[in-house]
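Structure, as structure tokens:
No lab work stands behind these numbers, since they all come straight from the coordinates. Please read all numbers here as calculations on a predicted model, not as lab measurements. Here the Cβ positions follow ideal geometry from the backbone for every residue, glycine too, while neighbour counts run over all protein chains shown.
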Amino acid sequence: MTGGTAAAANSSRAWRHPAVWLFAAFLALPIPAHFGANAYILSFATHAVALGLAALSLDLMLGIGALASFGHAAYLGIGAYSVAILSDMGHDDLLVQIPVAIAVASVFAGITGFVSLRASGVYYIMSTLAFGQMLYFLAQSLSAYGGDDGVTLAARSRLAGSHLLASDLGLYYVTLAALIAAYVLLDRIVGSRFGRVLGAVRQNPMRVRAVGLDPFRYRLLASILAGSLCAVAGVLLANQSEFVSPAFMTWQRSGELLVMVVLGGMGRLWGAVLGAICFLTLEEVLPGLTDNWKMVLGALLILAALGRGSRLSQLFKGVGR
Amino acid sequence: MSVSLLVVQILNGLQLGVLLFLIAAGLTLVFGVMDFINLAHGVQYMVGAYLAAMFVTWTGSYWLGLTLTLPVALAFGLLLEVLIFRRLYGRDHLDQMLATFGLILFLNQAVRFLWGSEPLGVAMPDILSGSIQVMDGLRYPVYRLALIVAGLVIALGLHLAINHTRIGMLIRAGSTHSDMVAALGVNIRRLFMVVFGFGAMLAGLAGALVAPILSVEPGMGDNLLILTFVVIVIGGIGSIRGAFIAALMVGLLDTLGRAFGPQLLRLAMSAAAANQTGRSLAPMLIYILMAVVLFVRPTGLFPVKK
């Protein structure tokens, strides 16, 4: 379990952990981007890191808790619209926007989870999809914020009064810091009593019930936690694109988040981040090769699902475990 | 609100309802019998519409085009079953979602590649074009009425096929006790294949039927797919009867909510507020309905007993 490496940084074998390599690569990335001609790399990397955070949060539900939420993009939307609406009201500091986004996401996750988690299997998947769609249509009807067309942000958010995020490099490192903090937090949580119970619920809910614990509560709390972290990703993503629209929370986006987690290997947290990077890189590279790149991407996904052992992080089998 | 406007909206709602039923019928069986999440059912509807557009143009006749579309849609469904789906039965739901999500990307782009991004139109058959007097001061297009009738006839046929034929009995048995059916000597794999192909054909038929009144374009199945999921979850997965009732509920609620929601709210609040709230609330109504149904009955209105 990933939880076994909760104190990765303290372990003498910490350098062998893939997450350390992954984050080290992220930290160093601006150096070649700085000297390279292509400044676009930094913007792409910020986008990828933010979605990596979203995929990471989904992995808590999917990989640890076996909750296949098909509406996770709704939380990206909650985060993004928190930025748009609060900035419009004059609150453009992350120290306001992030707590509000987390609060709204928690309430939404709590209410929808209360309904969805009563259902199981396919019914759970479909009800999360329905709640995601509900929020999508709500955003579409917000004519004050551009409705379907969305709204361009006047400026990026401030951080504790400073204009750190105004520079691309500042935004990148703030986003990366959020990802690393979320990873460390989730890694701790997975190794904690709460995480152990959540994992046990995945393996056998009935036995968990038999020892006197209520699976519903653990799943609900996991949903709230995952939704909150994903909302933070939405806040950062909105700052990266400087634009907010209902397209943040289409059901296809929710599907892509699932694809990222499954592709990267579920339940190991860093796998979700790696999956996000690989998926987005494919989306970035393929269009340069052929106009019909979506056919190639689609075929790759089908092959990945059909073929066992094709998951990315199985390449790293034995590492970090 | 006038009576004729209400009648028009009810007819529109019924039309959406029967369309949803045609798509949901196959999907709910695939879900119920094979426990398979098929996200690609919406693109099969799209493929049906494209096939109809192509064949109608080739033959110059809507009826000939429709006749050609059905077997090709069936063959296409069977091809997908052989190439992809049968390898995923009994696998994790996530593998099924991943593969069928990939299939959506693939087919949406494939139709763009084959037929271009421009929306295609399909000529309406002459005999069903024009409109007729439904009641005083209300004319309604014949084709749309025919669509409702065709949907209801197909629903009746499906009801008879599922409840009163041998294959229908096997499907019903397969949806609750597939291991037992296989143990009794029925080739369950072939049964699955039949169900799958038939579901794909129904979705394709739905696409061909609406092709003359909608524009045929890439991605046309994506949003309908979600509505179809709402239908089968409300109706209870695996239940044709549930799918039928839920499809009509969803079709009517969605259409009437959008048409009359703001007016009804105006009774309780100011006109401007009612307009904004109504426009926000109307598209959400069916999802609220689904949430309420799931809250009261977590396995839908007509659950298939396992």
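A few points about this structure:
- Note: region B:125-193, Cα convex hull, 117 Å³ per residue.
- Most mobile of B:259, B:268, B:206 in a GNM of chain B (Cα contacts under 10 Å): B:268
- Ellipticity estimate at 222 nm from DSSP helix runs (n ≥ 4, -39,500 (n - 2.57)) divided over chain B, nearest 500: -24500 deg cm²/dmol
- Here the gap between residue B:263 and residue B:161, fully extended at 0.36 nm per residue and compared with their Cα-Cα distance, gives a gain of 32.5 nm.
- Just checking the listed ones, B:73, B:53, B:183: in the Gaussian network model of chain B with Cα springs under 10 Å, the one fluctuating most is B:183.
- Label separation (residue B:128 vs residue B:182): 4.1 nm, computed from points 7 Å beyond Cα along the C-beta direction.
- When the trypsin sites (Lys or Arg not before Pro) in region A:235-314 are filtered for DSSP coil states and for at most 12 other beta-carbon atoms within 10 Å of their beta-carbon, the remaining sites are A:308.
- Rounded to the nearest 20 debye, the dipole magnitude of chain B is 580 debye, with +1 charges on Lys and Arg beta carbons, -1 on Asp and Glu beta carbons, and the Cα centre as origin.
- Fewest-first sequence of B:28, A:290 by Cβ atoms within 10 Å of each Cβ: A:290, B:28
- Taking only the Cα atoms of chain A, the ratio Rg/Rh comes out at 0.96, with Rh defined as the Kirkwood radius.
- Cleavage-rule hits (trypsin sites (Lys or Arg not before Pro)) in region A:105-197: DSSP loop, at most 14 neighbouring Cβ within 10 angstrom: none
- For chain A, averaging the sequence separation of C-alpha pairs within contact (under 8 Å, six or more residues apart) and dividing by the residue count gives a relative contact order of 35 percent.
- Of A:249, A:260, A:89, the one that fluctuates the most in a GNM where chain A has Cα springs shorter than 10 Å: A:89
- All Cα-Cα separations within region A:70-217 were binned at 10 Å from zero, giving a P(r) of 10, 28, 33, 20, 8, 1, each value a whole percent of the pairs.
- Amide H within-cut-off set for residue A:159, under 5 Å, with H built and near neighbours excluded: A:94, A:164, A:165
- With a Förster radius of 60 Å applied to the beta-carbon distance between residue A:193 and residue B:213, the computed FRET efficiency rounds to 0.55.
- Stokes-Einstein diffusion for region A:148-290 at 4 °C, viscosity 1.567 mPa s, with a Kirkwood radius from C-alpha pairs, works out to 74 µm²/s.
- Evaluated over chain B, the Cα radius of gyration and Dmax, each in Å: 20.0, 67
- Spin-label proximity, residue A:214 to region B:287-301 - amide N less than 17 Å from point 7 Å beyond Cα toward beta carbon: none
- For residue B:161, the shell of other residues with beta-carbons less than 15 Å away shows a net charge of +3, using +1 for Lys and Arg and -1 for Asp and Glu.
- Think of the protein assembly as shown as having a plus end and a minus end, set by charges on the Cβ of Lys, Arg, Asp and Glu; of B:125, B:165, A:248, B:165 sits farthest toward the positive end of this dipole.
- The alpha carbon centroids of region B:27-45 and region A:146-161 are separated by 40 Å.
- Debye, to nearest 20: dipole size of the protein assembly as shown, +1 on Lys, Arg Cβ, -1 on Asp, Glu Cβ: 2200
- Computed per residue of chain A from DSSP H runs no shorter than four, each worth -39500 (n - 2.57), the mean residue ellipticity at 222 nm is -22000 deg cm²/dmol.
- Taking 17 Å as the cut-off, the amide N atoms of region B:182-223 that come nearer than this to a point 7 Å along the Cα-to-beta-carbon line of residue B:169 belong to B:182-188, B:191.
- Shielding of B:76-84 by partner chains, average beta-carbon count, 10 Å: 1
- Shielding of B:86-99 by partner chains, average beta-carbon count, 10 Å: 4
- Euclidean distance of C-alpha centroids, region A:214-238 and region A:257-309, integer Å: 23
- Look at the alpha carbon pairs under 8 Å that are at least 6 residues apart: their mean separation over the length of region B:247-306 gives a relative contact order of 31 percent.
- Note: relative contact order over region B:3-296, using C-alpha pairs below 8 Å and six or more positions apart, is 36 percent.
- Region B:12-116, dipole about Cα centre (Lys/Arg Cβ +1, Asp/Glu Cβ -1), debye to the nearest 20: 160
- Other-chain or far-sequence residues with amide H under 5 Å of residue B:134's (modelled H): B:139, B:140
- P(r) tail fraction, region A:188-240 - alpha-carbon pairs more than 13 Å apart, %: 63
- Fraction of C-alpha pairs exceeding 30 angstrom in the protein assembly as shown: 56 percent, rounded to a whole number.
- Largest first and in whole Å, the equivalent-ellipsoid semi-axes of region B:195-306 read 29, 21, 10, each the square root of five times a Cα gyration tensor eigenvalue.
- Translational D in µm²/s for region B:46-159 (Stokes-Einstein at 25 °C, 0.890 mPa s, Kirkwood Rh from C-alpha pairs): 144
- 3J(HN,Hα) from dihedral phi, region B:215-227, Karplus parametrisation 6.51/-1.76/1.60, rounded to Hz, x for glycine, proline: 8, 8, 8, x, x, 5, x, 5, 7, 5, 4, 5, 4
- Sites matching trypsin sites (Lys or Arg not before Pro) across region B:163-256 that sit in DSSP coil, with at most 16 neighbouring C-beta atoms within 10 Å: none
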